[in-house]
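Below is one structure, written out as structure tokens; the observations come after it.
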Amino acid sequence: MTLLVFSGSIRRDSFHIKLARAAADELQRQGAAYTWLNLADYPLPIYDGDLEAQGLPENARALRKLFAAHSGFVIANPEYNGSITPLLKNVLDWVSRKDDSVKAIEPYANKTALLLSTSPGSLAGQRALRHTREILTSLNAIVLPQHVAVPVAQQAFSPEGELIDDKQRTALHVQVAALITLTRKLAA
Ligand SMILES: Cc1cc2nc3c(=O)[nH]c(=O)nc-3n(C[C@H](O)[C@H](O)[C@H](O)COP(=O)(O)O)c2cc1C
């Protein structure tokens, strides 16, 4: 059982990369294997059916294979104007497409997902999580009922990248544990 961990922002100083890293550290502490995915390594054009008709981009195929090779996901999900980032939506859309070479593999169905968010504001980007939850559910992924949302991102992390607040650290610990338990049960 290996989990795929990634951020919906590839900004150099992204708070979501920090949050995804904190979750990856927590997975490691709890003995679960993970793969770190940097979406910057898989650039994709904005989805367009005419582009797809010319053949699925190599990176879309590679990401579909990568998703399919994992049992679940940890997604750090920034909020742009109340919703999911275009980067993340574009990746989720391309990965949902298939050609003959990747038709037989399943990137989403029955895979678990833990959603994380943070934001400079007090609402912690939680409105976007609702949208991402709906998208993943429509793709037949199983999203954990609880998420981890960290407000005031600019004060949330230590220089070492750990969550400073005890309650937030505990929430991450508990939700990562829940993700591991559910993923193992589904795999059994
Ligand atoms: C186009 C745009 C729209 C945004 N809309 C929201 C928003 O609706 N709610 C919110 O809490 N933050 C919003 N923000 C602020 C982001 O939460 C903030 O830039 C955050 O740091 C982005 O994540 P990152 O640090 O991982 O790149 C927005 C930022 C951008 C660039």
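Readers should treat all values here as calculations from the given coordinates under stated rules, not as data from a laboratory. Being a predicted model, the structure only gives us computed values, none of them experimental. For neighbour counting, all protein chains shown are included, and Cβ atoms are generated from backbone atoms with ideal geometry for every residue, glycine included.
Computed values, structure above
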quantity	calculated
Reachable aspartates and glutamates from Lys111, criterion Cα separation under 16 angstrom, eight or more residues apart if same chain	Glu134
Between 0 and 90°, nearest 10: helix 86-95 axis offset from the chain longest Cα axis	50
Cleavage-rule hits (GluC sites (Glu not before Pro)) in segment 120-178: DSSP loop, at most 13 neighbouring Cβ within 10 angstrom	Glu160
Computed FRET value (nearest 0.05) for Asp166 with Ser122, which takes r as the C-beta separation and R₀ as 25 Å	0.85
For segment 1-77: rounded, prolate or oblate by the Cα gyration tensor [a/c cutoff 1.5]	oblate
Arg11/Ala187 FRET efficiency (R0 41 Å; Cβ-Cβ; nearest 0.05)	0.75
Within the chain, helix-based [θ] at 222 nm, where runs of 4 or more DSSP H residues each add -39,500 (n - 2.57), nearest 500	-12500 deg cm²/dmol
Cα-based shape type of segment 2-187, given that a ≥ b ≥ c are square roots of the gyration tensor eigenvalues and the cut on a/c is 1.5	prolate
Length added when fully stretched, Trp36-Asn140, from 0.36 nm per residue minus Cα-Cα	35.2 nm
Helix 126-138 axis, angle to the chain major axis (alpha carbon atoms, nearest 10°)	40
Euclidean distance between Cα centres, segment 78-156 to segment 45-73, Å	16
Nearest 10 degrees, 0 to 90: helix 15-29 Cα axis against the chain principal axis	80
Modelled FRET efficiency - R0 45 Å, Arg29 with Lys103, Cβ distances, 0.05 increments	0.75
Relative contact order (%) - segment 40-188, alpha-carbon pairs under 8 angstrom, separation at least six	23
Positive-end residue, segment 1-90 charge dipole about Cα centroid, Cβ charges, pick of Thr35, Pro57, Ser9	Thr35
